[in-house]
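Here is the structure we will look at.
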Amino acid sequence: MNLKWNTGDSKRISSDHKPYRTSNVMKKAAVTALLISSFTFNIGFAKDNESESLQKIYHIYASGQYVGAVSDEKAVDTLVDNKIEQARTQYDGLTLKDGSDITVIPEQVFASNTDDQETLDKLDDLVTVAANAFALSVNDEIAVYVKDLESYHEVIKQLKLQSVTEAELIELEARKDSTDSLPQLKENETRILDVLLKESVSGVSKLAKPETVLTVEEAVKFLQKGSLEEKVYAVQAGDVFSEIAQKHDLSASELTKLNPGFTQESVLQIGQELKVTALKPLINVEVLKEKKVSETVKFQNEVEETDTMYKGDTKVKQEGSDGKKEMTYLIREQNGVQTGKSVKEETVTVEVKNHIVLKGTKVIPSRGSGSFMWPAEGGYISSQMGHRWGRIHKGIDIARPSGFTIKATDNGIVTFAGRDGSFGNKVVVDHQNGYQTVYAHLASIDVNVGQTVPQGSKLGIMGSTGRSTGTHLHFEVIKNGKQVNPISYLRK
């Protein structure tokens with residue numbers, strides 16, 4: 001124990017020796033003996049007896065506060081030493097010392113009237129134990145205390161190992177010490193370029209309360225979480241996931257991350273506990289990586305219009321094929337979560353070929369475009385294609401139009417215009433592209449065989465001729481000689 005001593009004749013404090021104060025009475029006697037030779041031997045003898053009757057006591061101060069006096073300064077040493085030894089049983093591995101500012105000032109008195117036990121009891125409450133420690137500061141503010149410099153470096157290492165493997169960290173440190181250039185990355189290879197602490201971290205030796213000195217594991221956990229405790233919220237009646245998040249200044253996705261197994265659609269039970277503290281680390285670890293991958297470049301579909309082909313005709317000009325390229329990315333991660341990605345290098349290894357289709361734009365009134373307009377003025381489909389009344393209905397029926405004009409659904413040439421049994425008045429248009437359309441039950445016909453009819457031109461008037469139960473249009477589409485469902489081709 002290092003106690004401070006005061007001699008009483010000056011303000012100098014030393015921990016190397018214990019000075020004693022010379023009696024003022026003795027000093028006066030010596031001067032008097034030199035100046036007044038007429039003093040008798042009896043007077044001098046009386047002064048010596050007075051000096052021998054003086055006793056020494058020790059005044060104790062703790063952190064500037066007067067505690068009391070004791071007759072034996074060794075009792076103070078013993079008290080402090082016992083306090084330190086007791087703390088060592090609780091804080092194994094720490095270097096402990098007296099953390100209180102105790103000053104001992106001796107004094108010689110004629111009569112010693114000290115209550116040692118009372119003073120020592122008071123002092124026992126004031127004595128503190130301190131530990132030699134290493135303070136780790138984040139952005140110039142002390143965050144944690146660890147045992148020593150070695151523990152400090154181990155904390156930094158363990159923080160980094162939360163984001164990279166030990167092998168990666170060792171390799172990175174070896175590369176930093178080398179002057180060799182980096183080799184080329186192989187395909188699908190990832191390389192760590194750096195591991196950084198986002199915050200300013202420093203350390204210094206300091207005395208600390210033993211209970212505040214953390215192990216490496218405890219320090220890492222504290223710095224990662226920012227707190228050693230997590231708050232929970234007990235679900236109440238009427239609570240929903242998103243509202244709980246909002247109530248605690250969290251997004252729904254943040255609340256989901258804090259509570260694995262829960263989603264925004266989870267059914268919550270009353271009393272169920274959710275973590276609601278979005279822990280913000282005191283130290284964030286950023287990892288910079290580079291990664292090389294081979295990526296497929298999907299071909300695009302292109303359409304080129306040409307007036308050398310008829311409208312409605314198409315032709316493949318170039319078959320599409322995927323390309324390939326080697327990509328080297330720079331990737332940034334913070335605490336294991338990717339925060340950024342940029343292209344460092346790109347090399348095309350196989351050129352992509354887009355799929356190109358030629359589309360005809362040449363229009364002539366006698367040739368269809370392949371796009372079929374609605375053949376009536378409004379109306380609705382009153383009967384579908386398929387089985388009906390014991391026979392196959394080869395087209396659709398359109399009834400209740402807003403007007404009764406029947407129109408050519410696409411460009412073409414009239415190949416039939418007249419009466420046809422159960423169809424009544426019927427018109428057939430050949431669109432010169434593999435398609436034919438049939439219009440039946442017309443009240444009247446306005447075109448002739450061989451006539452060219454542009455899309456939308458009038459063919460006749462809707463009626464109920466032939467086998468018909470009411471005014472409507474029977475409409476068919478024939479593709480390359482086969483009946484097809486008109487609904488699949490018409491645009492209303």
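Here are the numbers for this structure:
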item	result
Residue tally, condition out of contact with any helix residue (DSSP H, G or I) (no Cβ under 9 Å at 6 or more places or on another chain) and either within 30 Å of Ser321 (Cβ to Cβ) or not in a loop (DSSP other than H, G, I, E, B) (or both), over region 262-293	8
Total residues in region 448-462, condition surrounded by fewer than 21 Cβ atoms within 10 Å (Cβ to Cβ) and either over 23 Å from Met385 (Cβ atoms) or at pLDDT 95 or above (or both)	10
Answer residue from region 434-492, given it is without any contact (Cβ under 8 Å) to a residue 12 or more places away in the chain and within 23 Å of Gly421 (Cβ to Cβ) and is nearest to the chain's Cα centre (by Cα) among those	Val484
Near pairs, Cβ below 6 angstrom, 6+ apart or cross-chain, from region 365-383 (without any contact (Cβ under 8 Å) to a residue 40 or more places away in the chain and polar (S, T, N, Q)) to any residue that is loosely packed, with under 14 Cβ neighbours inside 10 Å and part of a strand (DSSP E or B)	none
Candidate set from region 284-312 (those that are among the β-branched types (Val, Ile, Thr) and surrounded by 13 or more Cβ atoms within 10 Å (Cβ to Cβ)); member that is nearest to Leu193 (Cα to Cα)	Val287
Residue among Val80, Val104 that is assigned to a strand (DSSP E or B), surrounded by 13 or more Cβ atoms within 10 Å (Cβ to Cβ) and either of a type in the set (A, V, I, L, M) or out of contact with any strand residue (DSSP E or B) (no Cβ under 6 Å at 6 or more places or on another chain) (or both)	Val104
1 or more residues in contact with a His (Cβ under 8 Å, 6 or more places away or on another chain): qualifying strands (runs of 3 or more DSSP E) within region 395-492	396-399, 412-419, 425-430, 435-445, 458-462, 472-479
Pair list, Cβ < 8 Å and 6+ apart or interchain, from region 152-178 residues that are closer than 29 Å to Ile142 by Cβ to residues that are of a type in the set (Asp, Glu)	Gln158/Glu217; Ser163/Glu333; Leu172/Asp194
Search result, residues across region 213-250 that are over 23 Å from Asp148 (Cβ atoms) and either touching a Phe, Trp or Tyr at 6+ places or on another chain (Cβ under 8 Å) or in a helix (DSSP H, G or I) (or both)	Lys225, Phe241, Ser242, Glu243, Ile244, Ala245, Gln246, Lys247, His248
Region 294-344: number of residues that are of a type in the set (D, E, K, R), in a strand (DSSP E or B) and out of contact with any Asp or Glu (no Cβ under 9 Å at 6 or more places or on another chain)	6
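The values are calculated or read from the model by the stated rules, or taken from the named source; none is laboratory data. For clarity, every value in this text was computed on a predicted model and none was experimentally measured. Heads up, the Cβs are rebuilt from the backbone with ideal geometry, glycines too, and the neighbour counts pull from every protein chain shown.
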